[in-house]
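> Take this structure, written in structure tokens, and hold onto it; I'll ask about it next.
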């Protein structure tokens, strides 16, 4: 998107294979962790940045202080840091427990983020709520001292967090109890279908889906296979439960009776792409927030 407007862009990604793919596509990308060393190298080579973006990155970082020291080095005086990540309010309200897995070291909400950025002389000045991934927020951060006002949305979201009591133990206990009920309900639905001789497949193999499969104890005795369009995953097995991963075409070729959407956050898009499956009589299952059959 940035390149379409003539903006100079530079990516940083620690996964060498992903960085290689990005470079082949014309997006210059450095295969490294974004830390102070990387920031110093970028400044020496290209100067400071006007915008630093991290989509679904911030919650994966173990050393957030180190990341912010790198941001401080790289960001120019009037620059903006933009972070997008799943929002804890939505995670709790929509029972998105499958978002909780090893790569996510933080579960983000606005109040502690404001305090965190304050340590580095920065402030949150704008927030946008997003529908993606079951509910995310996009947080805009700048150095303190700007003459421009802070958006009213910041105060509104802080008030919502207090009203929703997301920092109270009681709220987390209720969430845990609801998660246990979801596990029981989902297993009851799937095992009931299997007892009637139905064939069930999984659609897509995102990390969140692996949390759901392992927590709920859904293995190859329940799902005959999982389909994927990502070539890096096809021909492998789901971690933990060891269900074979096939290409999406297997859903049409093998024609299972039901398909559970493990990437339920993209349900509408996936069901539209796999309309041939439902047109042939197949039905989809959405596991979260309440297990249900659709189509």
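> Yes or no: the stretch 163-171 includes at least one residue that is in the same structural domain as residue 113 (by TED's automatic domain parsing), modelled with pLDDT under 95 and exposed (fewer than 13 other Cβ atoms within 10 Å of the Cβ).
No: zero hits.
> For the structure I just gave you, tell me whether residue 40 is touching a helix residue (DSSP H, G or I) at 6+ places or on another chain (Cβ under 7 Å), exposed (fewer than 14 other Cβ atoms within 10 Å of the Cβ) and modelled with pLDDT of 95 or more.
Working: touching a helix residue (DSSP H, G or I) at 6+ places or on another chain (Cβ under 7 Å): yes; exposed (fewer than 14 other Cβ atoms within 10 Å of the Cβ): yes; modelled with pLDDT of 95 or more: yes.
Yes; evaluated as a whole, the condition is true for this residue.
> Turning to a different aspect of this structure: Could you tell me whether residue 209 is on the phi < 0 side of the Ramachandran plot and in a strand (DSSP E or B)?
Values: on the phi < 0 side of the Ramachandran plot: yes; in a strand (DSSP E or B): no.
So residue 209 does not fit the description; no.
> I would also like to ask the following. Scan the stretch 112-134 residue by residue and report those that are out of contact with any strand residue (DSSP E or B) (no Cβ under 6 Å at 6 or more places or on another chain), touching a residue at least 24 places away in the same chain (Cβ under 8 Å) and within 30 Å of residue 264 (Cβ to Cβ).
113, 132, 134
> Taking residue 52 as meeting all but one of (1) touching a strand residue (DSSP E or B) at 6+ places or on another chain (Cβ under 6 Å); (2) assigned to a loop (DSSP other than H, G, I, E, B); (3) within 25 Å of residue 154 (Cβ to Cβ), write down the number of the exception.
Every condition holds for residue 52 apart from (2).
> Kindly provide the set of residues from the stretch 125-134 that are closer than 17 Å to residue 107 by Cβ and surrounded by 14 or more Cβ atoms within 10 Å (Cβ to Cβ), ordered by number.
Of all residues in the stretch 125-134, those closer than 17 Å to residue 107 by Cβ come to 127, 129-130, 132-134.
Answer for the stretch 125-134, where residues must be closer than 17 Å to residue 107 by Cβ and surrounded by 14 or more Cβ atoms within 10 Å (Cβ to Cβ): 127, 129, 130, 133, 134.
The rows are residues; the columns are (1) in contact with a helix residue (DSSP H, G or I) (Cβ under 9 Å, 6 or more places away or on another chain); (2) surrounded by 15 or more Cβ atoms within 10 Å (Cβ to Cβ); (3) without any contact (Cβ under 8 Å) to a residue 40 or more places away in the chain; (4) in the same structural domain as residue 207 (by TED's automatic domain parsing).
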| residue | (1), (2), (3), (4) |
| --- | --- |
| 52 | yes, yes, yes, no |
| 67 | yes, yes, yes, no |
| 83 | yes, yes, no, no |
| 92 | yes, yes, no, no |
| 110 | yes, yes, no, no |
| 136 | yes, yes, no, no |
| 141 | yes, yes, no, no |
| 153 | no, yes, yes, no |
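> With respect to residue 147, is the statement that it is over 24 Å from residue 93 (Cα atoms), surrounded by fewer than 15 Cβ atoms within 10 Å (Cβ to Cβ) and assigned by TED's automatic domain parsing to the domain that holds residue 284 true? Reasoning before the result, please.
Details: over 24 Å from residue 93 (Cα atoms): yes; surrounded by fewer than 15 Cβ atoms within 10 Å (Cβ to Cβ): yes; assigned by TED's automatic domain parsing to the domain that holds residue 284: no.
No.
> So which residues in the stretch 69-81 are surrounded by fewer than 21 Cβ atoms within 10 Å (Cβ to Cβ) and in a strand (DSSP E or B), if there are any at all?
The answer is 76, 77, 78, 79, 80.
> Within the bounds of the stretch 183-204, is there any residue that is at pLDDT below 95, in contact with a strand residue (DSSP E or B) (Cβ under 8 Å, 6 or more places away or on another chain), closer than 27 Å to residue 84 by Cβ and not assigned by TED's automatic domain parsing to the domain that holds residue 88? Walk me through how you get there before you give the answer.
In the first step, residues of the stretch 183-204 are kept if they are at pLDDT below 95; the result is 204.
Retained after the next criterion (residues that are in contact with a strand residue (DSSP E or B) (Cβ under 8 Å, 6 or more places away or on another chain)): 204.
Those still in the list that are closer than 27 Å to residue 84 by Cβ too: 204.
Cutting the leftovers down to not assigned by TED's automatic domain parsing to the domain that holds residue 88 gives us 204.
Yes: one or more hits.
> Among 57, 51, 43, which is the only one that is within 25 Å of the chain's Cα centre (by Cα) and over 19 Å from residue 106 (Cβ atoms)?
Values: 57 fails: over 19 Å from residue 106 (Cβ atoms); 43 fails: within 25 Å of the chain's Cα centre (by Cα).
That would be 51, the only listed residue that is within 25 Å of the chain's Cα centre (by Cα) and over 19 Å from residue 106 (Cβ atoms).
The values are calculated or read from the model by the stated rules, or taken from the named source; none is laboratory data. All values reported here derive from a predicted model rather than from experimental measurement. In this analysis, Cβ positions are derived from the backbone assuming ideal geometry, glycine residues included, and neighbour counts consider all displayed protein chains.
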